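S.K.: One structure, as structure tokens, below. Some questions next.
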Amino acid sequence: MSPEPREFDSRDPIATSIAFSSEMDAKFISQFETDRREPAPSPRIGVYGTVLFDLDRTLVDAERTEDRALRDTWDALVRKATGADYATFQLRFAQDDALLRNRFLRGEIELDHMRTARFAFLAEVPKARIDPAEVARHYESRLGANATLYTDAFPALERLHRSSKYRMGLVSNGIASVQRTKLDVTDISRFFDAITVSGDPAFRKPGPRLLHQALRSISGSPEGALYIGDSLERDGRCAQAAGVDFCWVNRGAGPGDGTPFVAEVRSLDELFTRVAL
């Protein structure tokens, strides 16, 4: 049985309750089946006491952040050792990262293996003498340090926080140390009453356990909560499984796939008109 996420000291000034799960201890659990209902015609205006956010691609511009981190890693450790140009390095990394990430999500490999193996191709470069584990550590450190918010993220969080109407939480898949650094760098931790992050397959979205843990840590109920995220597959189905209303932040992803949501917004500015928060 997978351990419950560890509760951090509730006296921490940046949040009332912060929970991070173990990143490597758990076994993979089966993905649940979902029905493919049509989106509800309108949000349940005025019923939310808890508002929960996803992090990457909802608040943090992950594409820009990841590109900066990868470019920094190439410049610091790869360029001189291999002679490879950045475009070649980026393409090979993207290919291996996608394959390994899918294997991890299927439960075929552990997170710790994926983190290093996506740079294993560098060890194949003749006479380069590059340690993939060192490259992985550098990349992850730069992922946190280069975290960049979408321009609509900070104002939306600040407005919700100032209203004092809502308990606010953050729910994210990912490497806990990296996600925590992103929150520190972007200075948004202070807006949340609970932060729940997991790289553990047993807690990862689209399963409901991570969302339920976040609700428990701020005494919220599924019926009075709204989860805001960018991914119908992960965030939307997580909300559906947890019995929580979902607001889809569609930053150009195209049409929906049938996963239910109560509202679709193109930017977080629209939360205050489409969902009436």
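S.K.: Tell me, what ³J(HN,Hα) does each residue in segment 144-149 have, in order and in whole Hz, if you take phi through Karplus 6.51 cos²θ - 1.76 cosθ + 1.60 with θ = phi - 60° and put x for Gly and Pro?
M.R.: For segment 144-149, the Karplus curve yields x, 5, 9, 4, 10, 7 Hz.
S.K.: Any idea how far the Cα center of segment 53-75 sits from the one of segment 121-199, in Å?
M.R.: 8 Å
S.K.: Next question. Can you compute 3J(HN,Hα) from phi for each residue in segment 126-133, using the Karplus curve 6.51 cos²θ - 1.76 cosθ + 1.60 with θ = phi - 60°, rounded to whole Hz and x for Gly and Pro?
M.R.: x, 6, 6, 6, 9, 8, x, 5
S.K.: Of the peptides 231-240, 153-162, 256-265, how do they stack up when ordered by the mean number of other Cβ atoms within 10 Å, highest first?
M.R.: Output ranking for 231-240, 153-162, 256-265: 231-240, 256-265, 153-162.
S.K.: Here is a further query. Could you go through segment 173-189 in sequence order and give the Karplus-derived ³J(HN,Hα) for each residue, using 6.51 cos²θ - 1.76 cosθ + 1.60 with θ = phi - 60°, rounded to whole Hz, and x for Gly and Pro?
M.R.: Per residue, the Karplus-derived 3J(HN,Hα) values read 6, x, 6, 4, 5, 5, 5, 5, 5, 4, 5, 5, 5, 7, 6, 10, 4 Hz.
S.K.: Under 5 Å between amide hydrogens, which residues at least 5 positions from GLY199 or on another chain qualify, with H placed 1.01 Å from N in the peptide plane?
M.R.: SER21, GLY174, ALA176
None of the figures in this text is laboratory data; all of them are computed from the coordinates on show. Given the structure is predicted, the values throughout are model-derived calculations rather than measurements. Glycine also receives a Cβ, built like all others from the backbone with ideal geometry; neighbour counts cover every protein chain displayed.
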